[in-house]
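K.L.:
Dumping the structure here so I can ask a few things about it.
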Amino acid sequence: MTMSPCGSNDLPYAALEILFLDVGNTVLSMDFDLLCAELRERGARIEVAALRRAEARARPIVSAAIRDNAGNTSFDPMRLYLRAMLAALIGEDGRAEALAEDLTAWARRHPVDRLWCGRLPGVEDALAALRDMGLRLVAVSNSDGTAERSLVRTGLRPFFEAVCDSRLVGFEKPDPRIFRHALDLARGRPETTLHVGDMYHVDVAGARAAGVHALLLDPFGDWDGVDCARAADLGELAARLRAARR
């Protein structure tokens, strides 16, 4: 079968053997109830649905900043992430900046799995469908060493053959070495591997640098103009794969 190039929107769905899956915003979500509770303690009453929508809208902003700050050791993606979310809800003023600063400090006092611990809707069924199609699943996450613990706590670890956590591997996306490490673990080939994630300049750019196909999750259509395949969630991806395998 002729393979499409890794930079193409036309993915070789029928030929794929391995899926690399980011963890945050691909398999697990932020605990928005917890985040809203922390905001209420700081005088900001924000509804969970509004915060969830603002989080997705912030992704292209954070992704571009990661690209523009490559090598800048003082850049803090989490602080920008929270600030972009809050600015969309309460406006570009000093209050959003102060809240983001305070919440960043709060988040830094806890392991990543304290905040990223919510199953995305339908994710268990989607993972089961992907596995039942014969695809081998590997988690590839920028984390602090707790990615596997997050998957264990949420009951999703059995779906994955392996977990590549950037803290433990020593490289973080978009460094192609983390993808090559995952390929070695899975004994896979880049041309039959697809990486799925939520940040273009982290997940798509990094996977392509390793020769791996890439798909961007875009639940609300916030990523217009990107040169890669997109899906709303893993359920939509599973449906495409199932159709390609008939």
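Bear in mind these aren't lab numbers, they're just calculated from the coordinates by the rules spelled out. Keep in mind it's a predicted model, so treat the numbers as computed, not measured. Note: ideal-geometry Cβ built from the backbone for every residue, glycine included; neighbour counts use all protein chains shown.
K.L.:
Taking the Cα atoms of the chain, report the difference between the largest and smallest coordinate on each principal axis, in whole Å and largest first.
P.N.:
That gives 57, 35, 33 Å along the principal axes, largest extent first.
K.L.:
Could I ask something else about it? Based on C-alpha coordinates, I'd like the Rg and Dmax of segment 31-114, in Å.
P.N.:
Rg and Dmax of segment 31-114, Cα atoms, are 12.5, 36 Å.
K.L.:
Then there's this: Bins of 5 Å, beginning at zero and ending with the bin holding the largest distance: percent of Cα pairs per bin for segment 148-211, please.
P.N.:
4, 17, 25, 27, 19, 7, 1
K.L.:
While we're here: Hey, how many Å between the Cα centroid of segment 138-197 and the Cα centroid of segment 109-124?
P.N.:
Segment 138-197 and segment 109-124 have Cα centres spaced 16 Å from each other.
K.L.:
Then there is this: For the chain, take the longest principal axis of its alpha carbons; what is the angle in degrees between that and the long axis of helix 48-68, to the nearest 10 within 0 to 90?
P.N.:
Taking Cα atoms only, the helix is inclined about 70 degrees.
K.L.:
Now for a different question. R0 = 45 Å: FRET efficiency of E172 with R246, Cβ-based, nearest 0.05? Intermediate results must be reported in sequence, preceding the final value.
P.N.:
Working: r = 38 Å, r/R0 = 0.83.
Given R0 = 45 Å and the Cβ-Cβ separation, E is 0.75.
K.L.:
Here is a follow-up. Over 5 Å intervals from 0, what percent of Cα-Cα pairs in segment 101-236 sits in each interval?
P.N.:
With a bin width of 5 Å, the distribution comes to 2, 10, 18, 22, 23, 17, 7, 2, 1, 0.
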